[in-house]
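Derivation of every value follows stated rules applied to the coordinates shown; laboratory data play no part. The shown structure was predicted, so the numbers you read here are calculated from the model rather than taken from an experiment. Neighbour counts run over all protein chains shown; Cβ positions are idealised from the backbone, glycine included.
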């Protein structure tokens with residue numbers, strides 16, 4: 001029997017995560033509710049607001065400003081890319097808003113949390129282009145009269161201390177943005193000082209270490225990559241998702257001098273993240289002056305629910321938030337001691 005013209009059929013689906021319908025509409029069952037920004041939060045002292053930094057295409061971000069006692073004080077800038085398998089979650093979600101309400105007071109940085117466009121409305125590699133555009137926009141504030149100027153960046157941003165970071169899919173974006181920064185200049189030659197990859201979304205067609213062999217139809221990570229980037233040359237061994245694949249760009253080309261790779265002991269990205277770090281550390285010792293370090297959360301599951309939980313909003317009990325703030329302070333922000 002022929003279906004009615006008004007029938008709304010599912011044309012693509014990853015159960016419990018996303019459904020794409022024949023009329024072009026999309027459902028994201030795991031998308032968390034959005035949270036409004038708040039100027040002068042009385043509980044944390046931080047301020048947040050939403051801005052549109054590009055109008056063609058339209059790309060937005062949520063900015064966070066720590067509590068400052070000196071109106072002329074300059075603080076580091078962290079450009080952040082959220083996770084969510086490239087097709088759900090948001091810089092505006094309650095999940096990430098709660099995280100940065102905890103993180104920003106501890107790390108004392110300006111955060112630009114990027115709302116890159118997501119699959120399937122905007123298939124990969126659009127998210128990489130949006131994320132690079134966000135970094136360019138931030139760096140443009142180091143010179144006079146930037147386009148779509150943001151006063152918080154002009155008045156309080158330290159462009160000698162610009163960092164990028166992200167979790168899961170966002171960690172994957174961080175790697176690819178750092179590679180691009182190694183071959184393309186940012187405005188006014190602003191440099192990325194450090195990169196934070198939390199549970200980065202890396203995978204490959206071959207098992208790593210003791211990783212079990214699974215059939216393709218049972219492999220969730222392979223299913224996700226084929227869904228978000230079906231035309232990727234090399235499939236799951238495309239260098240964008242497998243940075244250690246044959247022919248992938250050398251990690252010596254990363255456009256930053258310091259890296260933190262944070263993995264959890266029970267995370268399904270743990271083996272790939274660990275191999276990436278080891279390769280980076282080998283590259284450090286052999287080819288490039290990059291300082292790579294690890295943050296290992298033993299016994300912790302995948303980070304989807306480990307950035308911050310509601311009970312951790314205003315304290316230091318969340319291990320990922322505490323580790324990230326501590327690592328940024330000691331590994332990135334403290335002045336380096338000259339060799340004796």
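Could you tell me the center-to-center distance, by alpha carbons, between region 1-64 and region 81-117 in angstrom?
Using only Cα atoms to place each centre, the spacing works out to 14 Å.
Among 77-86, 129-138, what's the highest-first ranking by average C-beta atoms within 10 angstrom per residue? Spell out each step's value before the answer.
On the way: 77-86: 26.0, 129-138: 21.8.
Averaged packing, sorted descending, gives the order 77-86, 129-138.
Take residue 155 and residue 185, extend 7 Å from each Cα along the Cα→Cβ direction, and tell me the distance between the two endpoints in nm.
Here the modelled spin labels are 3.1 nm apart.
Which percentage, to the nearest 5, of the DSSP beta bridges contained in region 72-194 is antiparallel?
Numbers: 0 of 13 bridges.
For region 72-194, the DSSP antiparallel bridge percentage is about 0.
Which peptide among 252-263, 17-28, 193-204, 116-127 comes first, and what is the full order, when sorted by highest mean count of other Cβ atoms within 10 Å? Each step should come with its number before you reach the end.
On the way: 252-263: 21.2, 17-28: 14.8, 193-204: 25.5, 116-127: 19.1.
By packing density, highest mean first, the sequence is 193-204, 252-263, 116-127, 17-28.
Which of 167, 237, 220 has the fewest other C-beta atoms within 10 Å, and how do the rest follow up to the most?
Values: 167 30, 237 19, 220 13.
Going from least to most buried by this count: 220, 237, 167.
Using the number of other C-beta atoms within 10 angstrom as an exposure proxy, rank 40, 97 with the fewest first.
Working: 40 11, 97 24.
So the residues, fewest neighbours to most, are 40, 97.
What is the spin-label model distance, in nm, from residue 145 to residue 58 if the labels are put 7 Å beyond Cα along the C-beta direction?
2.9
To the nearest 0.05, what FRET efficiency results for residue 122 and residue 43 with a Förster distance of 30 Å applied to their C-beta separation?
Numbers: r = 35 Å, r/R0 = 1.18.
For R0 = 30 Å, the calculated efficiency reads 0.25.
Between residue 28 and residue 106, what length comes free when the chain is fully extended (0.36 nm per residue of separation minus the Cα-Cα distance, one decimal in nm)?
Details: separation 78, 0.36 × 78 = 28.08 nm, distance 3.20 nm.
Taking residue 28 through residue 106 to full extension adds about 24.9 nm, to one decimal.
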